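The structure appears right after this line, and notes come after that.
FYI, it's all coordinate maths here, none of it is from the lab. Just so you know, these numbers come straight off a predicted model, no measurement behind them. Cβ placement follows ideal geometry from the backbone for every residue including glycine, while neighbour counts extend to all protein chains displayed.
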Amino acid sequence: MKRSFSIFLTLFGVALATLVTVGCKRTSYSIEATVMDGLNGETAYLFDALTEETIDSVVVADGKAIFSGKTDSTRIVALVGVSYAPVVFFLEPGKIKIDADSNCITGTKLNNDYTEFINDKNLQALSQKCEEIRSEIYTVEDEGAQVGILERYEAASENLQKALKTRCLELYDNHKKDLLGAYALTIVSQNLTYAELDSLLSDAAPVVANFAPLAEIYQSLKSVEESQPGHSFIDFNGTDYATGKPASLASMIDGKIAVVDFWASWCRPCREEITSTLIPLYEEFKSKGVEVIGVDVSDTAEDHDKAVKELGITYPQLIDSEKKAGNLYGLKSIPQILIIDRNGTIVARDLRGDDIRVELEKLLAE
């Protein structure tokens, strides 16, 4: 599912943005940014990374954008209008210097260490290797050669992620009580299990534990963990498509074996799974006490109605009108199909195609 981060930091595809306040005396800061060529006379903007509201703006002159002010907080901000992409850095007391061309931010402790991290030569080399291999896919037409390229890309990507994980944990270990540590842990959280992140956060400083993007990732991992096989399904309220009245997932399941499909009308794989697998399964297994339930996690009532008619869906539909299912089940993508037994226990998830039939037959044979 889509995460609602407001500023996207293009470091190995990691998105993050927030504003975090830490107690400190109101103190002055100055920012001197050397901008890319050709921007004299243009306006540079300093944005709050959470709200995207403008903190300040200046006209670029003599190749520089110069800001000054006072801050009673340390925060992540974005400087726009000095290069092709926003320059993201830490606004904190002190004299901050930015070279927009080289993405080098120095002058204060957090920014010095941050710049060292984002310009890590080993990580850059590994990232470049991934890009080089991925670009090869467009130069060959042979399917076998394409498979080989994809395998090499996956291996290179795995090496990058391992190195990134190690480097981020090192950075966090050195910044456990500040915003840079929260930032580092947010990046590495993409490659951690719920148990690993839960352990790290168990004794984390408030500035880390309360860092909004990290808290969101943690909650998503927790939701996935709590909806794994062996756990009871998580109930939520919605609207019964057939009646237009309020209903819950529990009321739709009604003590039966249930195949629950989280989907949306705009999702092509969802539509294909419905027509190729779920409709035939419903017709075959409904007489054996199996219920198939579609949970629309995205659409308006009108779009859902149109899709149901286009696809010829015959089984019950619950519209997630409160938009809670995605968070409750930690949905990162759809379709997401799970099977629930008569006791309300999830017995399988992340199912597609024939795997759904196999799990149903095993459950009915018990």
*Each label point is 7 Å from the Cα along the Cα-to-Cβ direction; what then is the distance between the points at GLU151 and ASP254, in nm?*
5.1
*Could you give the distance between the Cα centres of the stretch 128-186 and the stretch 282-325, to the whole Å?*
38
*Cα gyration tensor category, rounded, prolate or oblate, for the stretch 237-365 with a/c compared to 1.5*: rounded
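Based on the alpha carbons, how large is the Rg to Rh ratio for the chain when Rh follows Kirkwood? List each step's numbers first, then the result.
On the way: Rg = 25.0 Å, Rh = 23.7 Å.
Result: Rg/Rh = 1.05.
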*Compute the long axis of helix 179-188 from its Cα atoms, compare it with the longest principal axis of the Cα atoms of the chain, and write down the angle in degrees, 0 to 90, nearest 10.*
40
*Can you pull the one-decimal nm distance between simple spin-label points at ASN119 and ASP350, each 7 Å off the Cα toward Cβ?*
3.9
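Grab the DSSP H runs of the chain that are 4 residues or longer, score each as -39,500 (n - 2.57), total them, divide by all residues and round the 222 nm result to the nearest 500 deg cm²/dmol. Each step should come with its number before you reach the end.
On the way: 13 runs with 140 residues, N = 366.
Computed ellipticity for the chain at 222 nm equals -11500 deg cm²/dmol.
Among DSSP beta bridges whose residues both lie in the stretch 237-365, state the antiparallel percentage, nearest 5. Kindly include the intermediate steps, with their values, before the conclusion.
Working: 12 of 22 bridges.
Within the stretch 237-365, antiparallel bridges account for around 55 percent of the total.
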*Determine which residues of the stretch 278-302 fall in the zone a paramagnetic label at GLU310 would reach in this model, i.e. backbone nitrogen under 20 Å from the point 7 Å along Cα→Cβ.*
278-280, 294-302
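For the stretch 189-312, what is the percent of antiparallel DSSP beta bridges, rounded to the nearest 5? Before the final figure, lay out the partial values.
On the way: 3 of 10 bridges.
Looking only at bridges with both residues in the stretch 189-312, the antiparallel portion is about 30 percent.
Could you give the size of the charge dipole of the chain about its Cα centre, using +1 on the Cβ of each K and R and -1 on the Cβ of each D and E, expressed in debye and rounded to the nearest 20?
Numbers: 36 positive and 57 negative charges, 205 e Å.
Here the size comes out at about 980 debye.
If each residue's Cβ is checked for other Cβ atoms within 10 Å, how do THR345, THR186 rank with the fewest at the top? Numbers along the way, then the final one.
Values: THR345 13, THR186 26.
By the 10 Å Cβ count, ascending: THR345, THR186.
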*Give the long-range amide H neighbours of VAL88: residues separated by 5 or more places, or on another chain, with amide H under 5 Å away, using H modelled in the peptide plane at 1.01 Å from N.*
LEU79
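Sort TYR114, TYR84 so the one with the fewest other Cβ atoms within 10 Å of its own Cβ comes first. Before the final figure, lay out each step's value.
Values: TYR114 23, TYR84 7.
Final ranking by Cβ density, sparse to dense: TYR84, TYR114.
With +1 on the Cβ of every Lys and Arg and -1 on the Cβ of every Asp and Glu, and nothing else charged, how large is the dipole of the stretch 237-365 about its Cα centre, in debye rounded to the nearest 20?
Working: 16 positive and 22 negative charges, 44 e Å.
Using only the charged Cβ atoms, the result is roughly 200 debye.
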*Residues ARG342, ARG271 arranged by fewest to most Cβ contacts within 10 Å*: ARG342, ARG271
*Computed label-point distance, nm, for sites LYS323 and ASP72 using a 7 Å Cα→Cβ extension*: 3.3
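When DSSP assigns beta bridges and you keep just the ones with both residues in the chain, what percent turn out antiparallel, to the nearest 5? Walk me through the intermediate numbers first.
On the way: 40 of 56 bridges.
In the chain, DSSP labels about 70 percent of beta bridges as antiparallel.
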*Just going by the charge dipole of the stretch 237-365, with Lys and Arg at +1 and Asp and Glu at -1 on Cβ, which of CYS267, ALA365, SER321 is farthest out on the positive end?*
ALA365
*May I ask you to evaluate 6.51 cos²θ - 1.76 cosθ + 1.60, the Karplus curve with θ = phi - 60°, for each residue of the stretch 41-50 and list the ³J(HN,Hα) values in order in whole Hz, giving x for glycine and proline?*
x, 7, 9, 9, 10, 9, 10, 6, 6, 7
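How much length is gained on full extension from MET36 to ASN191, taking 0.36 nm per residue of separation minus their Cα-Cα distance? Please report the intermediate quantities before stating the final value.
Working: separation 155, 0.36 × 155 = 55.80 nm, distance 3.44 nm.
So the chain would gain 52.4 nm between MET36 and ASN191.
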